[in-house]
1. Those residues that are under 11 Å from the mean Cα position of the chain (by Cα) and either modelled with pLDDT under 90 or away from chain B (no Cβ under 14 Å) (or both), I need them from the range A:139-158; list them, please.
2. Is it fair to say residue B:96 is in a loop (DSSP other than H, G, I, E, B) and modelled with pLDDT under 90?
3. Taking the range B:23-81 on its own, how many of its residues are in a helix (DSSP H, G or I), surrounded by fewer than 19 Cβ atoms within 10 Å (Cβ to Cβ), in contact (Cβ under 8 Å) with a residue 40 or more places away in the chain and facing chain A (nearest Cβ under 8 Å)?
4. Can you tell me which condition residue A:41 does not meet? The list is (1) at pLDDT 80 or above; (2) surrounded by 13 or more Cβ atoms within 10 Å (Cβ to Cβ), and all the others hold.
5. Consider the range A:106-131. How many of its residues are among the charged types (D, E, K, R), surrounded by fewer than 22 Cβ atoms within 10 Å (Cβ to Cβ) and touching a Leu at 6+ places or on another chain (Cβ under 7 Å)?
6. Could you please let me know if residue A:111 is part of a strand (DSSP E or B), in contact (Cβ under 8 Å) with a residue 12 or more places away in the chain, among the charged types (D, E, K, R) and farther than 17 Å from residue A:216 by Cβ?
7. So, in the range A:75-108, how many residues would count as being at pLDDT 80 or above and assigned to a helix (DSSP H, G or I)?
8. Just wondering, is there one or more residues in the range A:193-206 that are within 14 Å of chain B (Cβ to nearest Cβ) and among the charged types (D, E, K, R)?
Amino acid sequence: MFNISPLLRKLLVLLLFLVLQAGAIVMIVNNSYFQQNAILNFIRARQIRWWEKQSSWVAFTNLKETNRQLALENNRLLNEVARLTDPLTGKSLQTKDSVALRDSFSYIPARVIKNSVNRQHNFLVIDKGSQDGLEQDMGVISSRGIIGVVSHVSERYAMIISLLNTQQRFTAELKKSGTFGTLRWDGVDYRRVFLSEIPQHIEISVGDTVVSSVFSLVFPPGIPIGFVKSGSLKRGTFLELEVELFEDFKSLHYVNVVSHDGAVEIRQLTENQQEEDL
Amino acid sequence: MNDFLKYFFRFVVIMAVQLLLFEHLNLGTYLYPMPYILFLLLFPSAYPSWQLMLWGFAFGMGLDVLSTGITGLHTASLVMLGALRNGMIKLIAVKGDFDDLSVPGFRSFGFARFTLFVLMSVALHHLVYFNLESFSFYLFWQTLARLVSSLILNVFLILLFKRTFFEHRR
């Protein structure tokens, strides 16, 4: 077929190997989770429809459990309303002083149509997109904890970087002391994550609740995430706590996307500050 | 051309099974079913490795684009396997043992040697895949555990599928 020497042939094969492997490495390094070009969006739209069908079946078979969770959440919300309603006037509490909650969070309910827990970098796809008001960097929560951050938005769907992604970090704090640290997943067990950078002097007992931090821009403060299972001293300076999650990512079907009014403003402010510092 | 059509048909079917079934099985961190590796193992023993690499590249690329996760992982692993597959066949073959036209399988290689061949191929694929996925030696032992457990699962699946669907009945 080809009239070339075996040596040259070997070199050509080696060259082809290097070219193809380089192509693959370039793809990995560019790390384009959700490429925005037209062909991919075209494929995704069809694929997502399939995932949607599939997940609606799974959701159907899990209706009982979902119902139970909704009932629990309803109950919790009713209690909250009762607490916030002024017992004398019967109207809901309205503070006019400076302590008033300026930040307002609003929630957009969505259904999970694709999810994974067995990778090092896990993602979710939900059935709400830019036409429902979703934007990049919005937080995603469920009734039992934080789920992740919106990474890409198309018209009708959004891709979410899961909490179960080794490249993602979140801020969380201990409910009891208010000490905040970095929440990250180590890629091992989908039921537990690690809260690190907790100072040594903080007293911690097993079972302490970990909640989302006040300093987080994407999540409303005080959302329970999990409880402390164990702790160890890292590099002799900081505590690292093993946190068991309340949420079971394997049976996750309904989530809420958090839209935070002040987030953009705060981000701009800090960015301006950083530019000035430079 | 006839052969090309056959390979292309296999390409589509194996890709579909991987995407529609195995990508949706969440078996936990330690088990990632990837029986699609069988695709490259089904080519005849004397199939030129540059063509194997191209097939591997195309298949991996398709899989990377159509599934979630980091693009390029499957591609890199399959190209590596395509490049070294024929070398591994030479390694386990005894000279003059079988002709170049035969397809790797239980009948042509014998059970023990075919299992060894599959084990080596999947191990090579997994070495590339899991190391690129974690991209550091920080979690060395965990990566190794994931590699070994997935390796056992996938070798089993591949032997099973090979036996069930791709052995010629005589």
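1. Matches in the range A:139-158: A:139, A:140, A:141, A:142, A:145, A:146, A:147, A:149, A:150, A:151.
2. Values: in a loop (DSSP other than H, G, I, E, B): yes; modelled with pLDDT under 90: yes.
Criteria met by residue B:96.
3. Of the residues in that region, 1 qualify.
4. Looking at each condition in turn, residue A:41 falls short on (1).
5. So the first thing to find is which residues in the range A:106-131 are among the charged types (D, E, K, R), and the list is A:111, A:114, A:119, A:127-128.
Of the ones still in play, those that are also surrounded by fewer than 22 Cβ atoms within 10 Å (Cβ to Cβ) are A:111, A:119, A:127-128.
Then keep just the ones that are touching a Leu at 6+ places or on another chain (Cβ under 7 Å); that gives A:128.
Adding up the residues that qualify gives 1.
6. Values: part of a strand (DSSP E or B): yes; in contact (Cβ under 8 Å) with a residue 12 or more places away in the chain: yes; among the charged types (D, E, K, R): yes; farther than 17 Å from residue A:216 by Cβ: yes.
Yes.
7. So the first thing to find is which residues in the range A:75-108 are at pLDDT 80 or above, and the list is A:77, A:106-108.
Next cut, assigned to a helix (DSSP H, G or I) only: A:77.
The number of residues fulfilling the criteria is 1.
8. No: the range A:193-206 contains no residue that is within 14 Å of chain B (Cβ to nearest Cβ) and among the charged types (D, E, K, R).
The values are calculated or read from the model by the stated rules, or taken from the named source; none is laboratory data. If you're wondering where the values come from, they're calculated on a predicted model, not measured in any experiment. All Cβ positions, even for glycine, are placed from backbone atoms using ideal geometry, and neighbour counts span all protein chains on display.
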